[in-house]
1. For the range 36-84, give me each residue that is among the polar types (S, T, N, Q), at pLDDT below 95 and farther than 15 Å from residue 12 by Cα.
2. Among the residues of the range 54-89, count how many are open to solvent by 90 Å² or more (accessible area, probe 1.4 Å) and under 11 Å from the mean Cα position of the chain (by Cα).
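The values are calculated or read from the model by the stated rules, or taken from the named source; none is laboratory data. Bear in mind that the values here come from a model prediction, so they are computed numbers and not experimental data. To get the accessible areas, we keep the full protein, side chains included, count just its heavy atoms, and leave off ligands, DNA and RNA. Shrake-Rupley method; radii C 1.70, N 1.55, O 1.52, S 1.80 Å.
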Amino acid sequence: MYLEIVSPEATLFSGEVTSISVPGVNGEFEMLNNHAPIISLLKEGVVKISGNIELDEEVQDKFTKGDKNTTLLKINSGTIEMKDNKVIVLAD
């Protein structure tokens, strides 16, 4: 599935991923390929991205590496939308 993470400053990431786990206001949830369409508010926490992620140099300091093929991004709040295998995260 295709993931795009956008902050007020810049697009932090765009590319193919295996899965994404986000801190929803009603609890953490994960989305895989072909997930049902969803829109949700996000709260402070960590976005966990699974897959072979290539980050641009100018945004690498915002991400940390987790275990195996996991990349982590701390957020304060945001919104997520998934539709037709495309995930857009608006992160603050």
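1. Going residue by residue through the range 36-84, those that are among the polar types (S, T, N, Q) are 40, 50, 52, 60, 64, 69-71, 76-77, 79.
Those still in the list that are at pLDDT below 95 too: 52, 60, 69.
Once the filter is applied, which keeps residues that are among the polar types (S, T, N, Q), at pLDDT below 95 and farther than 15 Å from residue 12 by Cα, the range 36-84 yields 52, 69.
2. Within the range 54-89, residues that are open to solvent by 90 Å² or more (accessible area, probe 1.4 Å) and under 11 Å from the mean Cα position of the chain (by Cα) number 1.
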